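Student: Before I ask anything, here is the structure I am working with.
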Amino acid sequence: MSYFWGKDSKKTKPSVAELFPYFNLRVTRLVGDFLGEDMKTFNSEVKEKMAARFPEERLVTLNRFLVARDCDLKKASHMYSKHREFLDMLLKKENIEKWEKILGRGPRRLVQHVRNAKNGTGCIAFHLCLVTEKSLENPGDLAIAIAYGIQKAMDLTGPFWKPRFTVLAPTNGRDNAPNLKARALVPLLKSLCSVLGNNYPEIAEKIVVFPFPWIGRMLWSVVSLFIDPKTRGKVKFLGGTERRHAKPDRKLFEQYISEKNLPEGWLGPLPKESSSFLPSTEITTPKTPASVKA
């Protein structure tokens, strides 16, 4: 578990914060008091100060923002404060209804949480072919709706987990889907880079894009300008046919996730729009990250 809060030195004895990264400052100090003076609560001054500024937040979450800002306390604190404001907006009841409507339901849902990848991370499927012209009228709102889908996936996995996802991004078309041209998606991808980069740092383990046609190279040359180098290094492109409903190269794809872990027909034809939605179900509201009470 020490991976999440990070050891400051291989020769340094692990601190309570490193061994119990899923708790907030209050609980961490209680554990430290119980263990006595033989074990430090923190080995890092900057991490301790970050925790003191946000004592109700889990250490593992605060660490993601510190890593994203190269352990600059001022920048990381500002980034996290803005993220809390973003969550307050994101999780308002009236806004949740809006995000759910944008994302869609059933087989037309833009963001789907699927079973784990082979590296043990959670897995999110993002179907580019389902983006509609109407939703692109406001790419900012569409990007926020996608962020809501990610927040919901994070909430469903629970608080005691490694906050990482493998993102699957199939690019080939499907019958009865909008199947917009790649260049039409550029405004959305730019908005996504901003929204996710500012609010969900360090959660992507791998971003697997497939198949990756020649036109995709042109799109990537533009979009990559808006992505930080660390994230660019996580993007993996898989070859394969661009035909509709075609599955990715199995040998390459199975390096990341087993095909049996994917929903049946997830790349197949869609039902016509009039029959595309599943029966209405109660919307599960993601919880705003809260303190862990002792």
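Student: Hey, what do the phi angles of the range 110-115 turn into as Karplus ³J(HN,Hα) couplings, whole Hz, using 6.51/-1.76/1.60 and θ = phi - 60°, x for Gly and Pro?
Tutor: 5, 10, 10, 8, 10, 5
Student: Turning to a different aspect of this structure: Given points 7 Å out from each Cα along the Cα-Cβ axis, report the Lys134 to Glu264 separation in nanometres with one decimal.
Tutor: Label at Lys134, label at Glu264, 3.0 nm between them.
Student: Using 0.36 nm per residue of separation minus the Cα-Cα distance, give me the extension gain between Lys181 and Glu37 in nm, one decimal.
Tutor: Separation in residues times 0.36 nm, less the Cα-Cα distance, equals 45.7 nm.
Student: A follow-up question, please. Summarise the accessible area of the range 144-262 (1.4 Å probe, protein heavy atoms) by the percent that is carbon and sulfur.
Tutor: 56
Student: Work out from phi, with θ = phi - 60° and the Karplus expression 6.51 cos²θ - 1.76 cosθ + 1.60, the ³J(HN,Hα) of each residue of the range 259-271, listed in order in whole Hz, and give x for Gly and Pro.
Tutor: 4, 5, 8, 9, x, 4, x, 5, 10, x, x, 8, x
Student: Can you give the helix-only mean residue ellipticity at 222 nm for the chain, where every DSSP H stretch with n ≥ 4 adds -39500 (n - 2.57) and the sum goes over all residues, rounded to the nearest 500 deg cm²/dmol?
Tutor: -11500 deg cm²/dmol
Student: Give me a comma-separated list of calculated 3J(HN,Hα) values for the range 151-159, in order, Karplus coefficients 6.51, -1.76, 1.60 applied at θ = phi - 60°, integers in Hz, x for any Gly or Pro.
Tutor: Ordered by residue, 3J(HN,Hα) equals 4, 5, 5, 5, 5, 5, 7, x, x Hz.
Student: Among Phe210, Gly149, Ile227, whose Cα lies farthest out toward the positive end of the dipole of the range 111-248, if unit charges sit on the beta carbon of Lys, Arg (+1) and Asp, Glu (-1)?
Tutor: Phe210
Student: Same structure again: Using a Gaussian network model of the chain whose springs link C-alpha atoms within less than 10 Å, name the residue from Ile96, Ile146, Ile124 with the highest mean-square fluctuation.
Tutor: Checking each option, the largest mean-square fluctuation is seen for Ile96.
Student: For Val235, enumerate residues with amide H under 5 Å from its amide H, sequence gap 5+ or separate chain, H modeled in the peptide plane.
Tutor: Ile207
Student: Quick check: the angle from helix 93-103's long axis to the longest principal axis of the chain, C-alpha only, nearest 10 degrees?
Tutor: 40
Student: Holding the Cα-Cα limit at 18 Å, pick out from Lys47/Lys74; Lys118/Lys251; Lys181/Lys234 the pairs that are longer than that.
Tutor: Lys181/Lys234
Student: Something else about it: Assuming R0 = 41 Å, can you tell me the calculated FRET efficiency for the pair Glu45 and Glu242, based on Cβ-Cβ distance, to the nearest 0.05?
Tutor: Plugging the Cβ-Cβ distance into 1/(1 + (r/R0)^6) gives 0.20.
Student: May I pose another question? Only residues of the range 42-57 count here: report those whose backbone N is under 18 Å from the spot 7 Å along Cα→Cβ of Lys13, or say none.
Tutor: 42-45
Student: In addition: Rounded to the nearest 5, what is the percent of antiparallel bridges among the DSSP beta bridges in the chain?
Tutor: 25
Student: Here's another thing I want to ask about it. Give me the 1.4 Å probe accessible area per residue for the range 113-213, excluding ligands and nucleic acids, in Å².
Tutor: Using a 1.4 Å probe on heavy atoms only, each residue of the range 113-213 averages 38 Å².
Student: While we're on this one: Just how far, in whole angstrom, is the range 152-174 from the range 11-33 if you go by their alpha carbon centroids?
Tutor: 28
Student: Please list, ordered by chain and number, the residues whose modelled amide H lies under 5 Å from the amide H of Arg164; skip anything fewer than 5 residues away on the same chain.
Tutor: Long-range HN contacts for Arg164: Gly122.
Student: Specify the residue with the greatest mean-square fluctuation among Ala76, Ala184, Ala147, computed from a Gaussian network of the chain linking alpha-carbon atoms under 10 Å apart.
Tutor: Top of the fluctuation ranking is Ala184.
Student: Here's something else I'd like to know. Give the residue list of GluC sites (Glu not before Pro) in the range 64-167 that are DSSP loop and have at most 11 other beta-carbon atoms within 10 angstrom.
Tutor: Loop-located and lightly packed - Glu133.
Student: Answer with one residue from Gly240, Leu168, Ala117: the one whose Cα lies farthest towards the positive end of the charge dipole of the chain, charges on Cβ with Lys, Arg +1 and Asp, Glu -1.
Tutor: Gly240
Student: Tell me the label-point distance for the pair Glu85, Arg26, using the 7 Å Cα-to-Cβ offset, in nm and rounded to one decimal.
Tutor: Calculated label separation equals 2.6 nm.
The values are calculated or read from the model by the stated rules, or taken from the named source; none is laboratory data. Owing to the predicted nature of the structure, the values given are computational and were not obtained by experimental measurement. In this analysis, Cβ positions are derived from the backbone assuming ideal geometry, glycine residues included, and neighbour counts consider all displayed protein chains. Remember, those area values only see protein heavy atoms, side chains included, never the ligands or the DNA or RNA. Shrake-Rupley method; radii C 1.70, N 1.55, O 1.52, S 1.80 Å.
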